[in-house]
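Report on one structure; see the data block that follows.
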Amino acid sequence: MKAKLKLAEVVPELLPVPPVKGGAVETLVYDLAKLLSDKFDVTVVSRPSGTKPNDGLSYINIPSTRADRLCLSIKERLPKSNPLRHAAKIQNVYQYSKKAAQALGSKFDIIHIHNEPNMVPLMRKFNPRSLIVLHMHNDHLVEAPLFRMRYKRILRNVDLVLCVSNYIRSRIIGTYPEFRKRCITVYNGIDTGVFCPKGRTSALKVRRKYNIGDSKMILYVGRLVPDKGVHILLEAMKQVVKKYPDAKLVICGSSWFGRNSKTPYQRLLEEKGSAIAGNVVFTGYVDHAYIPGLYSAADVFVCPSVWNEPFALVSLEAMSCGTPVVITKVGGIPEAVPENYPYLAAPGDPGDLAKKIVSVLSASKHKPFRERMRMYYDKRRFAKKVEMILMEFWRSRHENNNPGL
């Protein structure tokens, strides 16, 4: 029997796999690794999860050192404009990448690096014969002009660049047109078996827990950081309650995965929410297992992002649970819905956002999108496409290097 190709799935330096602390990329990689394990011998590289899963995967854990934790603390306390923040980030990535690359030790056929281009040089140095695939979940390659010459050199050492949306692909090839042929769009997938309508009993339980009753329930799920636009949603809510005085906005999340300590931005949100205190519920961090029930209980889900979000999985999750969504026209978010979708709001505009929310709440029925999610965005379809791309590229490169076969 032919041996499987050895595949390393490498996540960024912050969170572990299995995703015991959450994280969109880590959750996606864990699902992907398990689904690819039928065709590949898969090893996941991440921070330690503190668990011993029986999932058929191998793990290489890179523990954080005291210096790593200090750098992370510095990074979290400083604004993005502060050069010390970038220095702390680079230090952490360098140490993590070096240990990961040494641990992999030229034993892997394919190294699949997620969202951290700065890992590539050391991975290539220690794994010169491996196929290196860079999977971009954000636009890191283009957002910092200062680093573009460095990223151009990095891309020369990458065999393939997978992009989570056409928006990300267009940004990359617009900046680095010479790498156009290496860039492929592969939409992320969700577990449509988990994210599915949970029924009336589940909805009543959620509504009881947050004292919503029969009122209209507007839901936000995600991190509480300025880019996500929750402050705009709170402003919009002040207009929504003029039409629906009993409506409840449920804000589910915290500043960082698994953390409920409050940041200045969270305190700002609470201050904004105090003007309509009877209409706003802050849940804090909620375990991922309970999120499908929240989606199913809501009348509308809102993704109010004000930054160019690459591809909002939360919108897919909500639609897969049968809940209509209001989303902003930024980044790759609109790619999840059909053309001429009626509930696309202008980013940063509370009035337009309120208008779209009211339109959803006033509609007698909505076009169901669950079947669309199952057909185009299920995680099994996503994994199959990744598998096909990796296998075809590996075979192509192998045949080109061995023309006599």
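The values are calculated or read from the model by the stated rules, or taken from the named source; none is laboratory data. Keep in mind that this is a model prediction, so the values were computed, not measured. Cβ: placed from backbone, ideal geometry, glycine included. Neighbour counts: every protein chain shown.
Numbers below:
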quantity: Failed item, numbered, when Ala24 is tested on (1) touching a Lys or Arg at 6+ places or on another chain (Cβ under 9 Å); (2) in contact (Cβ under 8 Å) with a residue 40 or more places away in the chain; (3) closer than 25 Å to Ile90 by Cβ; (4) hydrophobic (A, V, I, L, M, F, W, C); calculated: (1)
quantity: Residue in the range 224-252 that is farthest from Phe301 (Cα to Cα), counting only those that are surrounded by 17 or more Cβ atoms within 10 Å (Cβ to Cβ) and within 20 Å of the chain's Cα centre (by Cα); calculated: Leu224
quantity: Qualifying position, being closer than 19 Å to Trp394 by Cα, charged (D, E, K, R), surrounded by fewer than 15 Cβ atoms within 10 Å (Cβ to Cβ) and assigned by TED's automatic domain parsing to the domain that holds Glu392, among Arg148, Arg156, Arg182; calculated: Arg156
quantity: Residue in the range 112-135 that is at pLDDT below 85, outside any loop (DSSP other than H, G, I, E, B) and more than 27 Å from Lys34 (Cα to Cα) present; calculated: no
quantity: Which listed residue, of Val44, Val29, is aliphatic (A, V, I, L, M), modelled with pLDDT of 95 or more and assigned to a strand (DSSP E or B); calculated: Val44
quantity: The listed residue being part of a strand (DSSP E or B), among the β-branched types (Val, Ile, Thr) and farther than 18 Å from Phe311 by Cβ, out of Val250, Val194; calculated: Val250
quantity: Number of the exception - Gly193 against (1) free of Cβ contacts under 8 Å to residues at least 60 places away in the same chain; (2) surrounded by 15 or more Cβ atoms within 10 Å (Cβ to Cβ); (3) within 24 Å of Leu35 (Cβ to Cβ); calculated: (2)
quantity: Selection count where residues are more than 28 Å from Glu317 (Cα to Cα) and either without any contact (Cβ under 8 Å) to a residue 12 or more places away in the chain or among the aliphatic types (A, V, I, L, M) (or both), scope the range 161-177; calculated: 2
quantity: Filter result (surrounded by 19 or more Cβ atoms within 10 Å (Cβ to Cβ) and out of contact with any helix residue (DSSP H, G or I) (no Cβ under 6 Å at 6 or more places or on another chain)) within the range 37-58; calculated: Phe40, Thr43, Ser46, Arg47, Ser49
quantity: Set Val330, Val337: member being hydrophobic (A, V, I, L, M, F, W, C), more than 16 Å from Ile251 (Cβ to Cβ), in the same structural domain as Leu224 (by TED's automatic domain parsing) and surrounded by fewer than 21 Cβ atoms within 10 Å (Cβ to Cβ); calculated: Val337
quantity: Some residue of the range 214-235 being over 30 Å from Ser359 (Cα atoms), touching a strand residue (DSSP E or B) at 6+ places or on another chain (Cβ under 9 Å), part of a loop (DSSP other than H, G, I, E, B) and modelled with pLDDT of 95 or more; calculated: no
quantity: Enumeration of residues in the range 290-314 that are of a type in the set (A, V, I, L, M, F, W, C) and without any contact (Cβ under 8 Å) to a residue 40 or more places away in the chain; calculated: Ala312
quantity: Elements of type helices (runs of 4 or more DSSP H) in the range 291-378, at least 1 residues being polar (S, T, N, Q); calculated: 291-297, 313-320, 350-362
quantity: Residue within the range 92-100 that is in contact with a Cys (Cβ under 9 Å, 6 or more places away or on another chain) and assigned to a helix (DSSP H, G or I) present; calculated: yes
quantity: Test: residue in the range 196-211 that is under 24 Å from Thr328 (Cα atoms), buried (at least 19 other Cβ atoms within 10 Å of the Cβ) and modelled with pLDDT of 95 or more; calculated: no
quantity: Considering residues of the range 253-290 that are in a strand (DSSP E or B) and not polar (S, T, N, Q) only, the residue surrounded by the most Cβ atoms within 10 Å (Cβ to Cβ); calculated: Val280
quantity: Top-ranked residue in the range 71-91 [being in a helix (DSSP H, G or I), over 23 Å from the mean Cα position of the chain (by Cα) and without any contact (Cβ under 8 Å) to a residue 12 or more places away in the chain; ranked as surrounded by the most Cβ atoms within 10 Å (Cβ to Cβ)]; calculated: Ala87
quantity: The range 315-339 residues that are on the phi < 0 side of the Ramachandran plot, paired with ones that are part of a loop (DSSP other than H, G, I, E, B) and hydroxyl-bearing (Ser, Thr, Tyr) (beta carbon under 6 Å, 6 or more apart); calculated: Leu316/Tyr377; Ser320/Thr192; Val326/Tyr343; Thr328/Ser305; Val330/Ser305; Gly332/Ser165; Glu335/Ser165
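Residue-wise test of (1) farther than 18 Å from Asp191 by Cα; (2) among the β-branched types (Val, Ile, Thr); (3) out of contact with any Asp or Glu (no Cβ under 6 Å at 6 or more places or on another chain); (4) at pLDDT 95 or above.
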position: Tyr285; (1), (2), (3), (4): yes, no, yes, no
position: Leu294; (1), (2), (3), (4): no, no, yes, yes
position: Glu309; (1), (2), (3), (4): yes, no, yes, no
position: Ala312; (1), (2), (3), (4): no, no, yes, no
